[in-house]
Protein chains: 2
Amino acid sequence: MTNPVTVEVTRGDLVECRHRGSLAVVDDTGKLICAIGDVEARVFPRSAIKVLQALPLVESGAAEALDLDQAELALCCSSHNGEGVHVKSARVMLLKAGLSEDDLECGSQWPKRMEDIAELIRADETPGALYNNCSGKHAGFLGLAKILGAPTKGYVLPDHPVQQEIKSIVEEFTGETLTTDVCGTDGCSIPTYASPLKGLARAFAVFGTGEGLEPNRADACEQLFEACVNEPFMVAGTDRFCTDVMKVFKGRVFVKTGAEGVFCASIPEKGIGIALKCDDGASRGSECMMAAVLEVLLDLNEDEAKVLNTYVNPPVLTRIDFKAGDIRPSEEFLTDLKAELA
Amino acid sequence: MTNPVTVEVTRGDLVECRHRGSLAVVDDTGKLICAIGDVEARVFPRSAIKVLQALPLVESGAAEALDLDQAELALCCSSHNGEGVHVKSARVMLLKAGLSEDDLECGSQWPKRMEDIAELIRADETPGALYNNCSGKHAGFLGLAKILGAPTKGYVLPDHPVQQEIKSIVEEFTGETLTTDVCGTDGCSIPTYASPLKGLARAFAVFGTGEGLEPNRADACEQLFEACVNEPFMVAGTDRFCTDVMKVFKGRVFVKTGAEGVFCASIPEKGIGIALKCDDGASRGSECMMAAVLEVLLDLNEDEAKVLNTYVNPPVLTRIDFKAGDIRPSEEFLTDLKAELA
C-alpha cells in the first residue's frame, strides 16, 4: 500500500519536496475513527511512547518513593533539548536514586541549541549522558530498577525487569503482541517494538481517559498526563512543538514526538488517541501532519490557533530570513482529514 | 506519477523509513539512457549545479584575470563545511577582487563540524558570510561582477548580469527554457530555476565531455572539472560524499550534491550525466541513490568499491555506536538500475 502525500514543501510557485505518511485516530473503546494510509503496518514508536514507558515508575510507587515532582515526571516522558534545566533535573533525579550520570547507558549527545552548545564549549566540556535527549527517561528507568531491587547495570537490555515490564504495558495498551522479530534497538540503546499505528492510537486514547484500566494504572496515567501538560518545557524545550502546543492547550492535549517521523497524541475531551508516521522519517513532515490533525479536530481559541498555525504552515527561509516557500499539508490530506474527522 | 521507493532505512529486521525518488541518466548527445520515476517533472537543482554557475567566471576570462587557482575554482563549485581552509580561501578570493566578506549577500551559517563551531565559540565569534557553505560560489559571482564592470551590490538578484548569464548557460546545457514561473529563491538568496531531471542529466553529460560546445566553453568545463577532481576537499570537506568520492575516483567522476535531495554527476569515460532527486529532500536518500548508481555503472577498483560502499550502505548507529540498522538501496531500485544500466 502506498501512503498518500500528506505534506508538501514549496519554493516559489512550485512544490519542491513531498512527504508521505499514514495516520490513525482511535477512540478509547478501540474503535478506528479515521485511517489515512496503511495503519496496519508496523511502525517503531521510538520516543513517542515515553509516557507509556514511564508508567511502571509511577504505578509501582517508585516515583513516590523517590519523591519525584511533576517536572521530573515530565522529564521522564521527554525528548529534551539538553537545556540547563533538563540536565540539572536529570542529575537530581539520579541523585534521588543514589545514582549518577555514570549509571546512564544512553550515550551522550550535544544539546540541540547553539546557546547550550556554546556554554559547554566555553567551559571546555563535552556533553555527558545527562545531555542525551532521553536522559530523563533513563533516570526514571534507573530509579525504578533501584526501587525494584533489580540490577541497575544493563537496565537497557530487553530481558531486564524494567524493559520487560514496559513491554507488557505497551502490549496491553496497544493490544498488540510484541515479539523479538519486531524489536529494534532505539538510539538510546533500549528496545523499541514496532506496532501498527492503530494500536498506538488506541494506546494514547486509553492513556488520555483511563477507560477500562484498573484504578492504580488509570491514576498513573493521569499523573503523567498532568505532569506533562503542567510542565511542558520539561517534555522538549525552547521552540519545540511538544512544549509550545501543550503550553497553549493547557491540558486539552498531550502530544509527543518520536524519532523518524512518529507523532502520538491524546485528546481526552474527545476520548481519542492519534498516531502518525511520516514515511521518510522527516520531523517537518510529522509535525505538519500532527498540527493539521489538531486544527481539524478541535475548536480552537485565538491563542491555540496561532500557535498551531506556526506548525501547520511554517515558512521555508533563506539564510537572510527571506520566505522562499513554505511547508503545508497537502490538499488531499486536508480533504481526507475533514471528511473523516470534522 | 508516483516515484518508486529507492532507499530503505532499517532497524532490527524491519524497514523503518522509505525514501522515494527519481533518476535520469543521459548521454552527451542528449539520449536518455535510463529513467526511473518521473524525469519530466521540474526539480530545483539548488547547489548541484554550482559548477555550471561557475562557467561564466571561467569562460569570460575573469577567473584568469583574478588569478584564481584550482583550489579557488573548486571552492566556486562547492557546498563546503566552513572548515578553516574553505573560509580562508573564500576570503582570499574576495581580496583578489578588491572585495571583502561585507560584499557577500548569501547570509551567514554555522560551520558543519563541531570542531569548527567550537573554534569560533572559543574565539568568542559568530560566523559571518564567509562560513556560508556557498561563500566560494558567491566570491566567484562577485569577482565576475567586478571584472564585467557590473555593480557588485545586488549580484544575487535574477536581473543582475551575473545571474542572467548563468540562466542563459543553464538553459543551453539543459535544453530547457527557464521562465519566472519556475524560479525560486535558493537558501543563499540567488535564483534557482527548476528543470526536469533529464535536462539536468544532459547538462552534466555535456559538462563532462564538452560534446558540441564551442572551444572556449568546452575549455571552461574542462578547467572546472579538473579543479574539482584535483581539489575535492574544497568542494565539500571532511567526511563528505563529494569529497570522498571524487578523491578516490581520481578524475573518473565529478559529483555534486544539492539541498533537498538533489545529486548530479558527470562520468566522462561513459559520456554520460546523472541527475537524481529524493522526493522528500533527504540527503541520506540522495547519497545512497547516487552511490548505488555509480556502483552499478562503473568497474571499480578495490579502493573505489570500499569508499562507495560506505555511502551505498551506511549503518544506522545508536548513541553508543551500536549498529541498529542500515540505509540501503531498495531491491526494486537496484533491479531497475541493473536492468537499465549494467
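Just so it is clear, none of the values below were taken in a lab; they were calculated from the coordinates. Predicted model, so just to flag it, every value in this text is computed and none were measured. FYI the Cβ positions are ideal-geometry reconstructions off the backbone, even for glycines, and counts take in every protein chain you see.
If a spin label sat at a point 7 angstrom from the Cα of B:Thr126 along the line to its beta carbon, the backbone N atoms of the stretch B:74-116 nearer than 13 Å would be those of B:108-110. Taking chain A as a Gaussian network, where each spring joins two C-alpha atoms under 10 Å apart, which residue of A:Pro232, A:Pro158, A:Pro315 fluctuates the most? Between A:Pro232, A:Pro158, A:Pro315, it is A:Pro315 that shows the largest mean-square fluctuation. Averaged over the residues of B:4-17, the number of partner chain Cβ atoms lying within 10 Å of the residue Cβ comes to 5. Think of the protein assembly as shown as having a plus end and a minus end, set by charges on the Cβ of Lys, Arg, Asp and Glu; of A:Val170, A:Leu95, B:Cys17, A:Leu95 sits farthest toward the positive end of this dipole. Here's the list of lysines a cross-link from B:Lys198 could span, going by alpha-carbon distance under 30 Å and ignoring same-chain residues fewer than 8 apart: A:Lys323, B:Lys31, B:Lys50, B:Lys137, B:Lys167, B:Lys247, B:Lys250, B:Lys256, B:Lys270, B:Lys277, B:Lys306, B:Lys338. Springs between Cα atoms under 10 Å define the GNM used for chain A, and in it the highest mean-square fluctuation of A:Ala324, A:Ala62, A:Ala203 occurs at A:Ala324.
When only the Cβ of Lys, Arg, Asp and Glu is charged (+1, +1, -1, -1), the dipole of the stretch B:95-192 relative to its Cα centre reaches about 200 debye.
In chain A, the longest principal axis of the Cα atoms and the axis of helix A:161-174 are about 30 degrees apart. Comment: the Cα-to-Cβ extended label point of A:Glu125, at 7 Å, lies 2.6 nm from its counterparts in the other copies, nearest first.
Between the stretch A:243-286 and the stretch B:9-50, what's the alpha-carbon centroid distance in Å? With the stretch A:243-286 and the stretch B:9-50 each reduced to a Cα centre, they are spaced 31 Å. When the Gaussian network model of chain A links Cα atoms closer than 10 Å, the mean-square fluctuations of A:Val15, A:Val253, A:Val43 top out at A:Val15.
If a spin label sat at a point 7 angstrom from the Cα of A:Ser100 along the line to its beta carbon, the backbone N atoms of the stretch A:116-148 nearer than 15 Å would be those of A:128-130.
Once the Cα atoms of helix A:215-230 and of chain A are each reduced to a long axis, what angle between those two axes, in degrees from 0 to 90 to the nearest 10, is obtained? Roughly 70 degrees, rounded to the nearest 10.
Summary of packing: across the peptides B:111-120, B:234-243, A:72-81, B:298-307, the per-residue average of other C-beta atoms within 10 Å ranks them, highest first, as A:72-81, B:234-243, B:111-120, B:298-307. Between the residues B:Ala74, B:Ala220, A:Thr335, the greatest Cα displacement towards the positive end of the dipole of the protein assembly as shown, with unit charges on the Cβ of Lys, Arg, Asp and Glu, is found for B:Ala74. Angle between the Cα long axis of helix A:197-209 and the longest principal axis of chain A, 0 to 90 degrees, nearest 10? Approximately 70 degrees, to the nearest 10.
If pairing requires two Cys Cβ atoms under 4.7 Å apart, which cysteines of chain A are left without a partner? Cysteines of chain A left without a disulfide-compatible partner: A:Cys17, A:Cys34, A:Cys76, A:Cys77, A:Cys183, A:Cys221, A:Cys228, A:Cys242, A:Cys264, A:Cys278, A:Cys288.
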